[in-house]
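What follows is a short report on a single structure.
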2 protein chains.
Amino acid sequence: MLSDATIGRLPLYLRELQQLQRQGQTRVQSGILARRLGFTDSQVRRDLSSFGSLGQRGVGYDIRGLIATIQNTLGSDRAWNVILVGVGNLGRALSGYRGFEQQGFRLVGAFDIDQSKIGMKLGQLTIQSIDAVDELIQRESVELAILSVPAAAAVQVAQKLEIAGIAGILNFAPVTVNQPRSHVTVVNVDLAVELQRLAYAVLRSKE
Amino acid sequence: MLSDATIGRLPLYLRELQQLQRQGQTRVQSGILARRLGFTDSQVRRDLSSFGSLGQRGVGYDIRGLIATIQNTLGSDRAWNVILVGVGNLGRALSGYRGFEQQGFRLVGAFDIDQSKIGMKLGQLTIQSIDAVDELIQRESVELAILSVPAAAAVQVAQKLEIAGIAGILNFAPVTVNQPRSHVTVVNVDLAVELQRLAYAVLRSKE
DNA sequence: TAGATTGTTAATCGATTAACAATC
DNA sequence: TAGATTGTTAATCGATTAACAATC
């Protein structure tokens, strides 16, 4: 019922709606959301109409209702337990990233292979050995992992997480960690890839 | 000639090809690349055929030639000067990210508003006041900026960068920084959005 | 009522895929 | 030659858009 393309945009609608709500707004129109996100108003209406009739003709959409519906769809209305695997520079930065907990993601563990890091504090958490990851995943019903280990270790660690029963991996390593017959869902964020996409777009815009 | 969808995949082909090359391979087939990236072999051939005939029927593609062609297309065969704007936790991690310079991106400046950070070292660089950004952009012909300032400051800083003549922004702030009639190209990486997309996918896979 | 904006249609546009002739 | 794999076609699938009747 919701297309893949629509789903990809839902978190962005949610973000803008929450921002409007913080600014004290209670209603919004498709054209406003479209302008803020760089979409067409047609697309916004089509996306939002996937949920049924949430708007009022001549008036617009109730922000509170929209937020509730999108959060419910995305699963952002509940808490998710998340672990961090790989406490390098990037991992450390991600562990302190405010945006995660604001959207219901709770960091409940941090893991590394490096013996010298184990036992050190990372915010409220104590960095544990990667060998202890199975136990925590089971005990805390952890469903999501943020993977920020070096590329060379990523595939192996991802396999370990899968065996331990993780359901989803946000992968920052610049390698494909999905295994062919795997049940784990993976979303990849490759920072160098994004910068290359930007460079290409800049190159083209100059022609 | 190259579709948007193809362009989005080029950096991923490049990444896998470089990895295969490091492993000593000189040739690759569409099916191999497809399996490694989770695409269909049909899609790989269609994407690569956009460049003309680079493969040999019955044999496959020459890795070196493919890399050269893709790098040339993406502009990865030349150096890009990049500045970092916003030296918080995330900015610091990004400044040390190896993947950037490996793909031809050279960090030539780091900027912040926080007076207490100005003058401090960040690797080889000295953190400068955001007020000095115009001068460096001009002097070093900086085309790309990595923007990792707090959401509340992002739009304003992005405008400043635009006026200073930056061509592209890799935006990590969870807000839309594109201005309607702007000439700046923006690629957004919203970490919370990616985690929400993952959570949604996990939710659906359990049904 | 008059003005505004949604929800939805129908057309268009773009991307993916299976299949296979071409050819190494 | 026989086997393998590309390049390309044609069909299908999915996403976007303009337009406007419905309706607040």
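Nothing in this text is a laboratory measurement; each read-out follows from the coordinates by a stated rule. Everything numeric here is computed off the predicted structure, so don't read it as measured data. Note: ideal-geometry Cβ built from the backbone for every residue, glycine included; neighbour counts use all protein chains shown.
Of all residues in the range B:99-115, exactly one satisfies the criterion of being out of contact with any helix residue (DSSP H, G or I) (no Cβ under 9 Å at 6 or more places or on another chain) and outside any loop (DSSP other than H, G, I, E, B), namely B:E101. Within the range B:77-94, residues that are in contact (Cβ under 8 Å) with a residue 24 or more places away in the chain and in a loop (DSSP other than H, G, I, E, B) sit with their Cβ atoms under 6 Å from residues that are buried (at least 24 other Cβ atoms within 10 Å of the Cβ) and among the hydrophobic types (A, V, I, L, M, F, W, C), at 6+ positions apart or across chains, in these pairs: B:G86/B:V149; B:V87/B:A110. Residues that are among the hydrophobic types (A, V, I, L, M, F, W, C) and in contact with a Phe, Trp or Tyr (Cβ under 9 Å, 6 or more places away or on another chain) within the range A:174-197 comprise A:V189, A:L191, A:A192, A:L195, listed in sequence order.
If you go through the range A:5-42 and keep only what is more than 9 Å from DNA strand C (Cβ to nearest atom), of a type in the set (S, T, N, Q), free of Cβ contacts under 8 Å to residues at least 24 places away in the same chain and part of a helix (DSSP H, G or I), you end up with just A:Q19. Among the conditions (1) buried (at least 20 other Cβ atoms within 10 Å of the Cβ); (2) touching a residue at least 24 places away in the same chain (Cβ under 8 Å), the only one that A:L198 does not satisfy is (2). Only one entry of A:L17, A:L66, A:L74, A:L37 meets the criterion of being of a type outside the set (S, T, N, Q) and within 15 Å of DNA strand D (Cβ to nearest atom), and that entry is A:L37. The listed residues are B:V142, B:V184, and the only one of them that is β-branched (V, I, T), surrounded by 18 or more Cβ atoms within 10 Å (Cβ to Cβ) and in contact (Cβ under 8 Å) with a residue 40 or more places away in the chain turns out to be B:V142. Residues of the range B:148-207 being away from every other protein chain (no Cβ under 11 Å) and assigned to a loop (DSSP other than H, G, I, E, B), which ones? Matches in the range B:148-207: B:V149, B:G165, B:R181, B:E207. A:S3 fulfils the conditions (1) away from chain B (no Cβ under 11 Å); (2) more than 10 Å from DNA strand D (Cβ to nearest atom) except for a single criterion, (2). No other residue among B:R78, B:R46 is surrounded by fewer than 20 Cβ atoms within 10 Å (Cβ to Cβ), of a type in the set (K, R), within 11 Å of DNA strand C (Cβ to nearest atom) and at negative phi apart from B:R46.
For B:G52, the conditions (1) over 15 Å from B:Q71 (Cβ atoms); (2) more than 11 Å from chain A (Cβ to nearest Cβ); (3) more than 9 Å from DNA strand D (Cβ to nearest atom); (4) not acidic (D, E) all hold with the exception of (3).
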